[in-house]
Every structure is written in structure tokens, then in C-alpha cells.
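The values are calculated or read from the model by the stated rules, or taken from the named source; none is laboratory data. A quick note: this is a predicted structure, and the numbers were derived from the prediction, not measured. Here the Cβ is made from the backbone with ideal geometry for all residues, glycine too, and neighbour counts use every protein chain on show.
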Amino acid sequence: MFRQTGLLRARCPLAVAMVVASLCGSLPAVDDPGKNKEEDARREEQSKKVQRSAAQYTVSPAGNRKQPFKFQPDAVLKWSNPVGGAKDGAIYVWSDRHRPQAIFKLFSHDGEHFTHEWQSLAEGEIVAESDGTAVWNPTEPGITFRTVPDAPKPAETSEARLRQMKSLAGKFSVTATRLPRDAKPTNLRLLVRPLFRFETGDGMQGPDGALFGFAEGTDPVGLLLIEARRTEDGDRWHYAFARMTTFAVTAMYGEKEVYSVGKYNFSQDPKGTFLALPRLPVPKE
């Protein structure tokens with residue numbers, strides 16, 4: 001017994017060394033702290049550029065520019081789209097009495113210039129200005145509400161209504177078709193969380209609804225508004241669709257087509273309900 005114990009002791013250093021070497025060989029390389037700090041700094045700088053780009057705008061009712069909509073300073077979503085090569089993407093919203101009126105998407109391909117995309121979510125004319133100059137003034141409503149078929153009545157509590165809206169959103173399906181002529185439609189994914197939730201509590205004293213996104217990757221290209229609206233028969237769920245892309249977008253409710261818009265013509269018409277402005281510089285601090 002003594003000899004066996006001594007033999008184990010003699011072999012122990014070698015065994016330990018072999019085990020340590022084996023483990024070290026299988027461990028992943030430690031990230032370079034310098035590279036991590038550099039990437040964190042880049043992201044922080046890009047985030048500042050994105051926020052400045054959005055904050056330069058004021059959005060108002062066309063007939064009352066002295067009463068601008070409320071700008072939500074925090075992006076409702078930050079995203080990227082590896083398929084299209086877009087990065088540093090973000091989405092911002094302007095609202096009026098809780099309800100979204102305009103949505104703004106921006107993204108970059110080179111890190112220095114940003115494409116700006118606007119979509120009206122208003123039922124009237126609005127205008128977006130930068131330094132007092134109008135850059136976008138759609139002359140038509142951006143959305144049209146319709147009753148959600150066979151929907152239940154809005155629930156009594158805010159939490160229950162949110163569950164209803166998520167369930168109703170799941171009954172829609174959306175496809176997008178890219179710009180090449182031979183492109184085929186791509187099925188979009190409904191994002192789990194609403195991009196923007198607007199409500200006034202359990203009492204239903206004001207508008208109650210949510211803005212959902214249908215995305216390619218994490219990039220929302222189709223928008224769905226679901227809102228509880230007052231009718232002669234009481235509150236009922238309504239929906240409205242809008243694009244957030246230059247691609248063609250089609251939405252279905254079950255087997256029925258409920259929304260369709262063709263590919264954007266890049267006319268940059270400031271009076272259109274959707275506007276895309278590519279490769280804009282970042283405002284100076």
C-alpha cells in the first residue's frame with residue numbers, strides 16, 4: 001500500500017500538468033480588451049450620430065406648426081440587416097396624445113452617411129422640418145383604419161388588451177419583395193414586442209393600441225397599427241398598415257389581401273406619405 005501511494009504521488013505532478021495542458025488547449029482565446037474598448041467607443045459614437053440625426057427634426061400638424069408632436073428621444077428599436085448590409089439602424093416616433101403620428105427610420109452602410117426614411121401614421125396632413133425648413137409634408141393621410149374581422153371586444157384592463165392585440169397581430173402575415181425585377185417575395189417575421197405601445201390605463205380614457213413591426217432580420221419593413229376605437233356599437237379593434245421600406249409590401253389577413261403597395265420609385269417626393277432620402281450627412285454637434 002505504501003509503495004502504491006508513493007507511486008501515485010510521484011506521478012501526480014505529471015498528471016496534473018497533462019490535465020492543465022489539455023484544459024488550456026480547449027479553452028477559447030480571451031478577447032482583446034483593447035478591441036472591445038474600441039468597438040464600444042465606436043458604438044457609442046454611432047449612437048450619438050443616430051440620435052442627432054433624428055433630433056434635428058420637428059414634426060407637426062400641417063395646419064398648426066406651433067404645436068409640434070412629441071418627439072420620443074429614445075429609439076423604439078435599434079436594428080441591423082445583414083441581408084441588405086445596413087447597420088447602425090434605429091427607429092424613432094413622434095406622438096400626439098400618446099398615439100404615434102410619424103415614424104422615422106435611419107441606417108448606414110458606411111458609418112458616415114445615413115439613409116432617412118419617413119412614414120406618416122397620421123390621419124391628416126403633417127410636416128417635418130429641420131432648422132425651420134420643411135423636408136417632408138405629406139398631403140394625404142398615411143394610414144386608413146379598418147375593423148379587424150371577428151375580433152373580440154377590447155378587454156377591461158390594459159394588460160389584457162395587450163394580449164388581445166398580440167393575438168390579433170399574429171393573424172396577419174406580411175411579405176416584402178426587393179427591388180430587382182426577378183426578386184421573389186420574402187416572408188417577414190412579426191416582432192414579439194410592439195415597437196410602440198400607447199395607452200391610458202385601465203379606464204380607456206384615451207386611445208389604446210400598439211404599433212407592431214414585421215421584420216427582415218431585425219429590420220421592420222412592414223408596420224401594423226392595432227387600435228381600440230369608439231364606434232356606435234362601442235369600442236372595437238381596428239387595424240391599419242403602412243410600409244417602412246422601399247420594397248413592395250403585401251399584407252394578408254388569413255387568405256384575404258388587406259394591404260399592398262408597390263416598390264418605391266425613389267422620386268423623393270416630399271408630399272408622399274413615405275419618403276426615402278439616401279446618404280445624408282450627420283448634423284454637427
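Annotations
- Residue match in segment 241-252 (condition: in the same structural domain as Ala62 (by TED's automatic domain parsing), modelled with pLDDT of 95 or more and farther than 24 Å from Val76 by Cα): yes
- In the set (1) more than 16 Å from Arg99 (Cβ to Cβ); (2) surrounded by 13 or more Cβ atoms within 10 Å (Cβ to Cβ), the condition left unmet by Leu195 is number (1).
- All positions within segment 209-227 that are farther than 17 Å from Phe172 by Cα and not acidic (Asp, Glu): Gly217, Thr218
- Every residue from segment 79-103 that is under 15 Å from the mean Cα position of the chain (by Cα), among the charged types (D, E, K, R) and buried (at least 16 other Cβ atoms within 10 Å of the Cβ): Asp88
- Residue that is nearest to His113 (Cα to Cα), among those in segment 31-79 that are modelled with pLDDT under 90 and outside any helix (DSSP H, G or I): Trp79
Let's see how each residue does on (1) over 17 Å from Thr250 (Cα atoms); (2) within 24 Å of the chain's Cα centre (by Cα); (3) touching a residue at least 40 places away in the same chain (Cβ under 8 Å):
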site: Arg146; (1), (2), (3): no, yes, yes
site: Pro149; (1), (2), (3): yes, no, yes
site: Ala155; (1), (2), (3): yes, no, no
site: Ser167; (1), (2), (3): yes, yes, no
site: Val174; (1), (2), (3): no, yes, yes
site: Ala183; (1), (2), (3): no, yes, no
site: Phe196; (1), (2), (3): yes, yes, yes
site: Phe214; (1), (2), (3): no, yes, yes
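- Unmet criterion (only one of (1) touching a residue at least 60 places away in the same chain (Cβ under 8 Å); (2) part of a strand (DSSP E or B); (3) surrounded by fewer than 21 Cβ atoms within 10 Å (Cβ to Cβ)) for Ala251: (3)
- With respect to (1) at pLDDT below 95; (2) in contact with a strand residue (DSSP E or B) (Cβ under 7 Å, 6 or more places away or on another chain), the lone exception for Arg181 is condition (2).
- A single member of Val192, Val174 is in the same structural domain as Thr231 (by TED's automatic domain parsing), among the aliphatic types (A, V, I, L, M) and at pLDDT below 95, and it is Val192.
- For the residues Ser53, Ser60, Ser108, Ser120, the requirement of being more than 30 Å from Thr186 (Cβ to Cβ), assigned by TED's automatic domain parsing to the domain that holds Gly209 and surrounded by 17 or more Cβ atoms within 10 Å (Cβ to Cβ) singles out Ser60.
- Across segment 254-285, the qualifying residues are those that are in contact with a Lys or Arg (Cβ under 6 Å, 6 or more places away or on another chain) and surrounded by 16 or more Cβ atoms within 10 Å (Cβ to Cβ), and the one among them that is modelled with the lowest pLDDT is Val282.
- Qualifying position, being in a strand (DSSP E or B), closer than 26 Å to Ser47 by Cα and out of contact with any Leu (no Cβ under 9 Å at 6 or more places or on another chain), among Ala276, Ala228: Ala276
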